[in-house]
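Here is the structure we will look at, set down as C-alpha cells.
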Amino acid sequence: MVHLPSWPEISTSCRPWTRWWWPGSAVDGDNIVKLLSEYHDAGLGGVEITPIYGVQNSEDREIPYMSDRWIAMLELSLTTASRLGMGVDLATTTGWPIGGPTVSEQDSLDALVLEKRQMKAGETFRWDGDPALLQAVTSLNEAGEAVSLLDTVLESEELQVTCDCDCTLYTVTQKFAGRMVKRAAPGGEGRCINPFSRVAVGGYFRWFTGKLANITPGAIRAQFHDSFEYLATWAPDLLDEFESRRGYDLRLHLHNLAGEGDPELVSRIKTDYRETVSDMLLHNFTRYWTAFSHTAGSLTRNQAHGSPGNLLDLYAAVDIPETEMFGPTGNPHIAKFASSAAHVRGNLLSSSETCTWLAEHFHVSLAQAKHAIDQLFLSGINHIFYHGTCYSPADASWPGWLFYASTTFAPQDPIWRDFAYLNEYITRCQSILQAGAPGAKTLMYWPLHDLWQARPDLFMLEINGNWLAGSQVGLTVEALWTAGHDYDWVSDRQLAEAHFSGGQISLQGGGYDAIVVPPCHYISDSTFERLMELANDGAKVIFVGGLPADVPGFGFLEDRRENLQRMLGHIDFEESTGTDMHTCQFGAGQVLCGTSVVKMLEAVGVPHEPIGAAMGAPPIRRVHTDYVDRFVVNRTAEHKAGWFTLPDEFLSAFLLEPLTGAIGTAAIRSNRRGREVFISLPAGNSIVVRTTSELITDLPMWNYQEPGEKVLACNSDWQVEFLDGGDGNPPPLTISGDPQFWSANHAPNWSGTARYQTEFTIESGATEPWQLELHELAASARVFIDDTPVGTIICAPYVLALPRLTTGIHRLSIEVTSTAANRIRQMDCDGVAWKIFKDINIVDINYKPLKAAAWPVQPAGINGPVNVRVMKPVTPR
C-alpha cells in the first residue's frame, strides 16, 4: 500500500521541554497551574523541575525541599502537567551537584590526601588520626623497592611502625574536597556526595526515592543529573577496586601516582588510576542510580560531560544521555558523544541543555536560538531542553524571577510572543529525528587512553574543553564532517559487544558499514583483537595515520604488549600503488591504513553525502522500513540551489519544510553518479528530504521559485503604533520612506511589540505569487495582509510567501517584537532594583556584576527597504 508523505504523529517528547527553576521553592498552586498552562499553550512538551536559591524578601513563600508541602506542590505539578498532556522530569537534588543535609561526613570524603615523609633507619612513624581513614602506608627505599606497611601499622596497638632503613614513607588518607551543593534551594544545602562511592550513592538515593515513595510510578518521567561538577578524586575503596580491576597493588606505586620516577611508568600508573575512577563512576554511580530510578518507575537523564570518566560509557548507561551547548558556540563533535551513545545502545532520545549563555542576558533572539538548535540536531540530538524558564509568580514585578545563567524563555519576556512559532519548528524537526533508526554508516573509535596517558592529573572532560578540538582525533572527525560523512562514536566497552552480521558491524542500536580508528598511539590489546575479529568476519577497519604502537597502562604490561605485537604482525599490507593508502585483505574483510580518512571510506564503498559537503555539515539520516529521511541544514552563508546526488536507491523523493510544515514532491533525475534531487535552500534554513523505493505520484510538486524582477517598494508613509511594552508605550510614529528601527531615535529605551503599517497596490491583471522581503528585522515579526494573518518571521532570510493577492490596495501590517535588552538597560540607568535574587544574584556572561546601563542600545523593529516581489516558478532541469 502506498502512503503519501506526512509529518509523524506528535508525541510529548517531540515538543521541546524546558528546565523549570523553582527559586527558593517559593511556589503555590495557583501559579503552578497558570504557568504550566501558559507553557503548554506556547508549545512546550514538558518541564524539568530544579529547585534553586531564592528571591530576596520572599522567605515567607519558601518551602523546604522534600517537606510534605514541597511534595504536595510536586504532585500538583505532575497532575496538572498530565492533564495538559505534558511531561515532568525531576532533578535529583536542588542546585547541583547531588548533595544536601542528609549527606554524612563519611559519604562526602572524596579527595585523595597523599603525603610523603623522609624517614631514617630506626625512626618510628606513628598514625595519630582515625585508623579507619588510613588507607595506605608504603615505604620506598633507596633501591626503589616499595613495601606496604599498612597492616603492620593497623595491627600495632600504638598505630606505628619503625623503619628498618632510610626510606621515603607515603601515606594515603581521604578528606572532604569542599564541594557544597551549588545554588542550593532551602532545605537542600549541604555537602555533595562522593560519586565514586557506592555506599554514598546508595545512601543518598535510598533517601531520595524514599521521599518520592508515594508518587505514582512513571508520573515523573525521568530523574535528571546535571553536569559533573564534583571535586572528587578518590573513594574509600578505590585501592581495593584498583587491584581488582587492574591486577596489581597501587599501594606499591604511590610514588608514581605522586608523579615521581620514570615518566613513562608514571603515565601508565596514572592511566590505570584514571581508568579505575572511570569504572567506579560507571558502576557505583551511573548504573547504580539508574537501577534506583527504574525501581521507582522513572527513566534517567544524565549529563556525563565534565567528569573524568569515559563519556560514551557513562552516557550509554542511562536512558536519555544529555549534552549541553554552553556559550554562543559549541563543538558538534562533543555533542555527538551523547547522541552516539543513544544510537549505539538503541535508545530513542538524546537531549541537550540548550541556549545556556547563548548571548548576554535579554539579548538572545529566537533566530539565535534556532541557529544553535539546528547545530544540535545535526549532532544527532533530538530532544531539546531549554535553559530555561524560571517560575515567576503573577505578582512579581517585571522582569520577574530570573536565573543567573540562562536565556530567558518565560511569559514575561517579549520573545515569548512568537516563541510558539519556534517551538512548532522544533516539534516538526524532532518528530522526524525521533522516528525510524539512526542512519550513520561509520563508527569512530574514541582512543581515550591516549588522553589518559598524556595528561599529568585527573582531568575533567568539559563540554567546552580543549581535549578534542585541534587534536589528531578532532581533525579526523572534522575532515569527515566537512566531506559530508556522518558518524557515531564508539568506546572500547561498546566495541566489545559488536559483531559482524548481514554485511555490517552490528551493535544494539543498528549496523555500520565501517569503523575508523583515528590517529592513536595506545590501544588495548582486547580492543585491537575485537577489531581484527570483526575484520576477519568481513568488516572494513580503517586506521588513520598508522597502526597503534603500544598498549596503555601498567597491569600485565608485557603480556598485553606481546599480544598486541603478535596481532600487528598478522597484518600484511599490500604495496602502495602511488597512493598514501595501504590495504590488507584480512579474512573476509579489509584493513586499511592511510592519511585520508575520506579516501579510505570511499575505497571500501562508504560514500559521502554530497549535500553535506555543500551545506557545511552532513545530514542526519533516519531510516525506516520503506523510506529514508535526511534532515539537512544550510550552515553556509549562501543560498544553495542545485542537483544533489543521494547515495540511496529510490524512485520518489519529497521535501518537508519544518519551518512552515509544507510538503511537496521533489524533482529527481538520474545520471552516472546515481539519483539526484533538486534542492533550493536559503542560508540558515533546513529541509527534510524523504526518499522511497515506492513510486508515488499523487503529491503535488514542490513549489520551486526564484525572485522575479517585478518589485513593489513599500516606501509610502509607515504608521508605527506601540502595542505592548510594559510601563507605558511611546506615542505613535509616522515614518516617511523606508521604515526604521524604533530604537534608532524614537524609542531607544523601549522593548516589546510595535505595529508597522502601510499600504501597497496590486495592478490589474496581476496573478503571480508574491513574497514579502524585509531588509533588517529585530527580532521577530507577525505579518498581516488586510488584517488577515499570513505568517511569522523569526530568522533570516526575512522573507515570507504571501497568498495570491487581488487587484487593488492592500494594507500591510507587521507586528515586530524586540528583545528585552533596551528596557532592562533603561531600568539600570534609572536605578530600578530588579536584581533581587540570593546567592549569585544576576551576573553577566563573563560572570562579572551585570551592568546593563553600559550596554549599547540594541536594534529593535524593522529597518531598510520593505518589498513585495513577484516570485517566478522554476522547473529544475
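Within the stretch 832-849, the set of residues being part of a strand (DSSP E or B) and open to solvent by 20 Å² or more (accessible area, probe 1.4 Å) comprises 849 only. The single condition among (1) of a type outside the set (D, E, K, R); (2) surrounded by fewer than 20 Cβ atoms within 10 Å (Cβ to Cβ); (3) over 30 Å from residue 690 (Cβ atoms) that residue 435 does not meet is (3).
For every residue, the table says whether it meets (1) more than 16 Å from residue 528 (Cβ to Cβ); (2) basic (Lys, Arg); (3) open to solvent by 50 Å² or more (accessible area, probe 1.4 Å).
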{"position": "563", "(1), (2), (3)": "no, no, no"}
{"position": "570", "(1), (2), (3)": "no, no, yes"}
{"position": "574", "(1), (2), (3)": "yes, no, yes"}
{"position": "591", "(1), (2), (3)": "no, no, no"}
{"position": "596", "(1), (2), (3)": "yes, no, no"}
{"position": "599", "(1), (2), (3)": "yes, yes, yes"}
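Every listed requirement among (1) crowded, with 22+ Cβ neighbours inside 10 Å; (2) more than 19 Å from residue 613 (Cβ to Cβ) is met by residue 458 save one, (1). Restricting attention to the stretch 484-519, the residues being buried (at least 21 other Cβ atoms within 10 Å of the Cβ), on the phi < 0 side of the Ramachandran plot and small (Gly, Ala, Ser) number 3.
Only one of the listed residues (329, 354) is buried (at least 23 other Cβ atoms within 10 Å of the Cβ) and over 30 Å from residue 276 (Cβ atoms). That residue is 354.
For the stretch 520-547, a residue qualifies if it is in a loop (DSSP other than H, G, I, E, B), touching a strand residue (DSSP E or B) at 6+ places or on another chain (Cβ under 9 Å), open to solvent by less than 60 Å² (accessible area, probe 1.4 Å) and in contact (Cβ under 8 Å) with a residue 60 or more places away in the chain, and the qualifying residues are 520, 523. Among strands (runs of 3 or more DSSP E) entirely within the stretch 160-244, having at least 1 residues that are open to solvent by 40 Å² or more (accessible area, probe 1.4 Å) singles out 160-162, 167-176. Within the stretch 300-321, the set of residues being out of contact with any Leu (no Cβ under 9 Å at 6 or more places or on another chain) and in a strand (DSSP E or B) comprises just one member, 300. Within the stretch 130-179, the set of residues being among the aliphatic types (A, V, I, L, M), within 30 Å of residue 99 (Cα to Cα) and out of contact with any Ser or Thr (no Cβ under 9 Å at 6 or more places or on another chain) comprises just one member, 132. Considering the stretch 218-235 alone, what residues qualify as being touching a helix residue (DSSP H, G or I) at 6+ places or on another chain (Cβ under 9 Å), modelled with pLDDT of 95 or more and of a type outside the set (Val, Ile, Thr)? Scanning the stretch 218-235 gives 219, 221, 222, 223, 225, 232, 234, 235. When you look at residue 138, is it part of a loop (DSSP other than H, G, I, E, B), in contact (Cβ under 8 Å) with a residue 24 or more places away in the chain and among the hydroxyl-bearing types (Ser, Thr, Tyr), yes or no? So residue 138 does not fit the description; no. Picking from residues in the stretch 1-45 that are charged (D, E, K, R) and over 23 Å from the mean Cα position of the chain (by Cα), the one that is surrounded by the fewest Cβ atoms within 10 Å (Cβ to Cβ) is 9.
Filtering the stretch 148-158 to residues that are in a loop (DSSP other than H, G, I, E, B) and either polar (S, T, N, Q) or surrounded by 18 or more Cβ atoms within 10 Å (Cβ to Cβ) (or both) leaves 149, 156. Number of residues in the stretch 746-778 that are of a type in the set (A, V, I, L, M, F, W, C), closer than 19 Å to residue 872 by Cα and out of contact with any His (no Cβ under 8 Å at 6 or more places or on another chain): the value is 4.
For (1) among the charged types (D, E, K, R); (2) out of contact with any helix residue (DSSP H, G or I) (no Cβ under 8 Å at 6 or more places or on another chain); (3) open to solvent by less than 20 Å² (accessible area, probe 1.4 Å); (4) closer than 14 Å to residue 869 by Cα, each residue gets a yes or a no:
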site	(1), (2), (3), (4)
711	no, yes, no, yes
715	no, yes, no, yes
730	no, yes, no, no
751	no, no, yes, no
767	no, yes, no, yes
773	yes, yes, no, yes
782	yes, no, no, no
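Selection of first residues in the stretch 400-429 that are under 22 Å from residue 8 (Cβ atoms) and of a type in the set (Lys, Arg) and of second residues that are open to solvent by less than 20 Å² (accessible area, probe 1.4 Å) and not in a loop (DSSP other than H, G, I, E, B), restricted to Cβ pairs under 8 Å at least 6 apart or on distinct chains, gives the following pairs, ordered by first then second residue: 428/656. Here 665, 636 are screened, and the one residue that is free of Cβ contacts under 8 Å to residues at least 40 places away in the same chain and β-branched (Val, Ile, Thr) is 665. With respect to residue 809, is the statement that it is assigned to a strand (DSSP E or B) and either open to solvent by 30 Å² or more (accessible area, probe 1.4 Å) or modelled with pLDDT under 95 (or both) true? Yes, satisfied. When residue 98 is tested against (1) farther than 30 Å from residue 45 by Cβ; (2) β-branched (Val, Ile, Thr); (3) surrounded by 16 or more Cβ atoms within 10 Å (Cβ to Cβ), only condition (1) is not met. Given the condition in contact with a strand residue (DSSP E or B) (Cβ under 7 Å, 6 or more places away or on another chain), open to solvent by 50 Å² or more (accessible area, probe 1.4 Å) and either at pLDDT 95 or above or under 30 Å from residue 390 (Cα atoms) (or both), answer yes or no: does some residue in the stretch 850-872 qualify? Looking through the stretch 850-872, at least one residue is in contact with a strand residue (DSSP E or B) (Cβ under 7 Å, 6 or more places away or on another chain), open to solvent by 50 Å² or more (accessible area, probe 1.4 Å) and either at pLDDT 95 or above or under 30 Å from residue 390 (Cα atoms) (or both). Could you list, in sequence order, all residues of the stretch 663-683 that are in contact with a strand residue (DSSP E or B) (Cβ under 9 Å, 6 or more places away or on another chain), open to solvent by 40 Å² or more (accessible area, probe 1.4 Å) and either among the hydrophobic types (A, V, I, L, M, F, W, C) or not in a strand (DSSP E or B) (or both)? If the condition is that a residue be in contact with a strand residue (DSSP E or B) (Cβ under 9 Å, 6 or more places away or on another chain), open to solvent by 40 Å² or more (accessible area, probe 1.4 Å) and either among the hydrophobic types (A, V, I, L, M, F, W, C) or not in a strand (DSSP E or B) (or both), then 663, 668, 673 are the ones that fit. Filtering 317, 338 for residues that are among the aliphatic types (A, V, I, L, M), touching an Asp or Glu at 6+ places or on another chain (Cβ under 8 Å) and either open to solvent by less than 10 Å² (accessible area, probe 1.4 Å) or over 25 Å from residue 688 (Cβ atoms) (or both) leaves a single hit, 338.
Selection of the stretch 684-702 for residues being assigned to a loop (DSSP other than H, G, I, E, B) and surrounded by 15 or more Cβ atoms within 10 Å (Cβ to Cβ) yields 684, 685, 696, 699, 702. All told, residue 107 meets the bar of being open to solvent by 10 Å² or more (accessible area, probe 1.4 Å), of a type in the set (Asp, Glu), on the phi < 0 side of the Ramachandran plot and not in a loop (DSSP other than H, G, I, E, B). Scanning the stretch 820-831 for residues that are surrounded by fewer than 15 Cβ atoms within 10 Å (Cβ to Cβ) and either in a loop (DSSP other than H, G, I, E, B) or on the phi > 0 side of the Ramachandran plot (or both) yields 830, 831.
The values are calculated or read from the model by the stated rules, or taken from the named source; none is laboratory data. Everything quoted here is computed from the prediction, not taken from an experiment. With ideal geometry, Cβ positions are generated from the backbone for all residues, glycine too; neighbour counts draw on all protein chains shown. Accessible surface areas use protein heavy atoms only, side chains included; no ligands, DNA or RNA. Shrake-Rupley method; radii C 1.70, N 1.55, O 1.52, S 1.80 Å.
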